Amino acid sequence: MPEIRIDPLSGHRTIVAGERSRRPGGEPTCAPPEPIDPERDPFAEGHEHRTPPELHAVRAGGGGPDSPGWTVRVVPNLYPALTPAGDADRGGGPEDGPWPEMFSSLPATGAHEVIINGPQPVLSLAELPVEQVVAAVEVWRERMRAHSESAYLQLIVNERREAGASLPHTHAQLYALDFVPAVVARERERSGAYTTRTMGQSLLGDLVAEEVRRGERIVAIDDEAVLIAPYASRLPFQLMLAPRTPRARFEDDGPSGAALLHNGLCRLARHLGSSPPLNLWVRTAPRGAEDFCWRIDVLPRLTHLAGLELSTEVNLNIVSPEHAAAVLREA
């Protein structure tokens with residue numbers, strides 16, 4: 001029977017109608033993507049001149065900036081969504097004009113970087129060796145630390161064009177924002193209220209402990225992290241990675257969960273027959289927040305967001321998290 005589930009971290013509501021995926025032809029699948037054309041790949045090793053000058057790179061054997069031999073490389077986004085604060089033209093502001101409360105605007109200031117996850121010309125983190133993913137994730141954290149004064153840091157990965165990737169070569173993007181997005185602020189408030197009510201407990205930490213006790217939505221566990229099909233998953237085969245020991249900020253020293261993240265992405269690829277289009281992001285504590293715990297969310301894009309989702313922000317998920325966890329445990 002379909003049911004409405006409420007995400008304990010955000011309060012978001014999802015209709016879970018798992019029986020719909022068991023109808024003939026109802027199980028979500030994905031077709032393999034076209035391979036990358038190395039000659040047209042600006043992120044390929046040897047094509048450093050096709051990107052803006054690098055901000056940071058890891059070169060075990062040494063070498064100058066914008067030269068081959070790197071394992072992870074960071075460049076400014078060629079078409080940035082955010083402008084450094086000193087370069088912004090303030091123009092009109094919320095105080096200008098007769099109706100400022102209706103037509104407010106502010107300069108979009110901050111930083112927008114691209115982190116090329118590896119020199120290998122592949123579309124997905126799952127196609128990289130696990131050691132390369134660990135190295136890439138460490139650079140994610142290093143670049144987040146470089147922008148620690150920002151109000152909020154949003155690290156994302158879009159894989160395949162269906163999920164918004166304009167270039168196929170696996171890469172992450174870091175947005176250093178000078179405001180806290182509303183959805184993050186709501187999660188911060190829920191987490192803080194829980195800590196106050198329980199006299200110091202972590203909302204996500206307690207959630208992970210209960211999920212491990214129950215076991216039905218656990219996909220995998222290692223020494224650093226736990227991989228879960230969330231109780232109120234919005235989309236089929238959604239995954240959440242959380243640290244075994246709660247910690248506010250992903251970018252701080254401590255386990256990153258990179259190896260288990262790679263494990264989960266490989267499980268998705270094995271079950272679906274190909275790495276699916278997906279969006280991945282790191283949820284870390286906003287500046288000044290301590291009653292919080294970081295996590296990584298993975299949302300495969302196997303179904304379309306349609307009228308219900310767009311009009312109500314209520315998702316309809318046709319694969320129950322319990323079923324998703326069971327098949328991914330075996331993948």
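As a proxy for reagent exposure, R213, R50, R283, R244 were ordered by neighbouring Cβ count within 10 angstrom, fewest first; the result is R213, R50, R244, R283.
Mind running the shape call on the range 110-172? Use the C-alpha gyration tensor, a ≥ b ≥ c as the square roots of the eigenvalues: rounded below 1.5 for a/c, prolate if a/b tops b/c, oblate otherwise.
Working: a/c = 2.68, a/b = 1.41, b/c = 1.89.
In terms of gyration-tensor shape, oblate.
Taking every DSSP helix (H) stretch of at least 4 residues in the chain, weighting each as -39,500 (n - 2.57) and dividing the sum by the residue count yields a mean residue ellipticity at 222 nm of -7000 deg cm²/dmol.
Taking the beta-carbon count within 10 Å as an exposure proxy, list T29, T71 from fewest neighbours to most. Walk me through the intermediate numbers first.
Numbers: T29 11, T71 20.
The fewest-first ordering by Cβ neighbours comes to T29, T71.
Ranked by how many other Cβ atoms sit within 10 Å of their own Cβ, fewest first, the residues I4, I156, I228 fall in the order I4, I156, I228.
How high is the relative contact order of the range 182-330, given as a whole-number percent (alpha carbon pairs under 8 Å, six or more residues apart)?
About 29 percent, as a whole number.
What is the range 141-297 by shape, rounded, prolate or oblate, if you read a ≥ b ≥ c off the alpha carbon gyration tensor as root eigenvalues and call it rounded for a/c under 1.5, prolate for a/b larger than b/c, and oblate otherwise? Verdict is oblate for the range 141-297. Along each principal axis, taking the top coordinate minus the bottom one, the Cα set of the chain gives 57, 53, 40 Å in descending order. Taking other residues whose beta carbon is less than 10 angstrom from the beta carbon of L203, and scoring Lys, Arg as +1 and Asp, Glu as -1, yields -1. A convex hull fitted around the alpha carbon atoms of the range 153-236 yields 165 Å³ per residue. Neighbours of P119, meaning other residues whose beta-carbon lies under 9 angstrom from its beta-carbon, give a summed charge of 0 when Lys and Arg score +1 and Asp and Glu score -1.
Between D223 and L305, residue separation times 0.36 nm minus the direct Cα-Cα distance comes to 26.0 nm. Charges were assigned to the Cβ only: +1 to each Lys and Arg, -1 to each Asp and Glu. The resulting dipole of the chain about its Cα centre is roughly 880 debye. Computed from label points 7 Å out along Cα-Cβ, the spacing between A193 and E19 is 3.4 nm. Centroid-to-centroid, using Cα positions, the range 135-176 and the range 218-296 are 15 Å apart. The value of relative contact order for the chain, using C-alpha pairs under 8 Å at least six residues apart, is 21 percent. Think of the range 182-330 as a dipole: +1 on every Lys or Arg Cβ, -1 on every Asp or Glu Cβ, centred on the Cα centre; then among A248, G205, S233, S233 lies furthest on the positive end.
Determine the shape class of the range 65-222: with a ≥ b ≥ c the square roots of the Cα gyration tensor eigenvalues, call it rounded for a/c under 1.5, and otherwise prolate if a/b is greater than b/c, oblate otherwise. Here the range 65-222 falls in the oblate category.
Sorted on the mean count of surrounding Cβ atoms within 10 Å across their residues, most packed first, peptides 183-195, 256-268 read 256-268, 183-195.
Taken together, the values in this text are just the output of simple stated rules run on the coordinates, not laboratory data. These numbers come from a predicted model, not from an experiment. Don't worry about glycine lacking a Cβ; one is built from the backbone with ideal geometry, like all the others, and counts go over all protein chains shown.
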